[in-house]
Amino acid sequence: MARTREDFSEYLFDYFLPRWQKHSQDADGAFQYFLNPDWSRADNPDLRLRVQARQTYVLAKAVSLGAENGLGDAALLGSEYMLKKFGDAEHGGFHLRLTPEGEPLDSNKDLYEHAFVLLACSAVHEATGDVRAKATADRICELLDS
């Protein structure tokens, strides 16, 4: 049976993304980077900036494309966690990894990782109008220019 764009959108927006978000994002907004095949949480020894940014981006972009099911709230929660916990208030930019408790584990800075934060912030701003995400995107651009 041929699938239409609407079939894929319905599957993605109404089934897959809400389920993925439910199992991978905790109540604080942190995303786990690995789940078991049965959707249960696997042992994740740390939290990773790229995962946080990428999953926040995906949820926000889905909202911009018409998804509902609370995905906008989940994207905002993911963005807030990323900005609060991964943000390096002392040196600027973002920590690469955190302990499961949210403490910095790797404070190195990486251009590739920051590009994902920029994408996430722009998508969150587009989907929700969140001004904090826009301000962060502007700060990242300034950081990259310097």
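The values are calculated or read from the model by the stated rules, or taken from the named source; none is laboratory data. Here the structure is a predicted model, which is why all the values come from computation and not from measurement. As a convention, Cβ positions derive from the backbone with ideal geometry for all residues, glycine included, and neighbour counts pool all protein chains shown. All accessible areas refer to the heavy atoms of the entire protein, side chains included, with ligands and DNA or RNA removed. Shrake-Rupley method; radii C 1.70, N 1.55, O 1.52, S 1.80 Å.
Annotations for the structure displayed:
- Annotation note: Cβ proximity below 6 Å between a residue of the range 54-66 that is surrounded by fewer than 23 Cβ atoms within 10 Å (Cβ to Cβ) and a residue that is among the aromatic types (Phe, Trp, Tyr) (sequence gap 6+ or interchain) occurs for Arg54/Phe116.
- Within the range 1-50, the set of residues being surrounded by fewer than 11 Cβ atoms within 10 Å (Cβ to Cβ) and not in a loop (DSSP other than H, G, I, E, B) comprises Arg5, Glu6.
- Applying a threshold of 9 Å to beta carbon distances and a minimum spacing of six or more residues, or different chains, the list of pairs starting in the range 73-92 at a residue that is touching a residue at least 24 places away in the same chain (Cβ under 8 Å) and ending at one that is among the basic types (Lys, Arg) reads Ala74/Lys22; Ala75/Lys61; Ser79/Arg132; Glu80/Arg132; Leu83/Arg132; Phe86/Arg97; Gly92/Lys109; Gly92/Arg139.
- Qualifying residue in the range 77-88 (condition: in contact with a Pro (Cβ under 8 Å, 6 or more places away or on another chain) and within 21 Å of Tyr33 (Cβ to Cβ)): yes
- Residue among Ala89, Ala133 that is among the hydrophobic types (A, V, I, L, M, F, W, C) and crowded, with 18+ Cβ neighbours inside 10 Å: Ala133
- For the range 75-131, the set of residues classified as among the hydroxyl-bearing types (Ser, Thr, Tyr) and either in contact with a strand residue (DSSP E or B) (Cβ under 9 Å, 6 or more places away or on another chain) or over 16 Å from Asp28 (Cβ atoms) (or both) consists of Tyr81, Thr99, Ser107, Tyr112, Ser122, Thr128, listed by residue number.
- Residue list for the range 1-40, restricted to those being among the aromatic types (Phe, Trp, Tyr) and within 23 Å of Glu68 (Cβ to Cβ): Phe8, Tyr11, Phe13, Tyr15, Phe16, Trp20, Phe31, Trp39
- If you go through the range 10-41 and keep only what is of a type in the set (Lys, Arg) and modelled with pLDDT of 90 or more, you end up with Arg19, Lys22.
- From the list Asp110, Asp106, the lone residue that is of a type in the set (Asp, Glu) and open to solvent by less than 40 Å² (accessible area, probe 1.4 Å) is Asp106.
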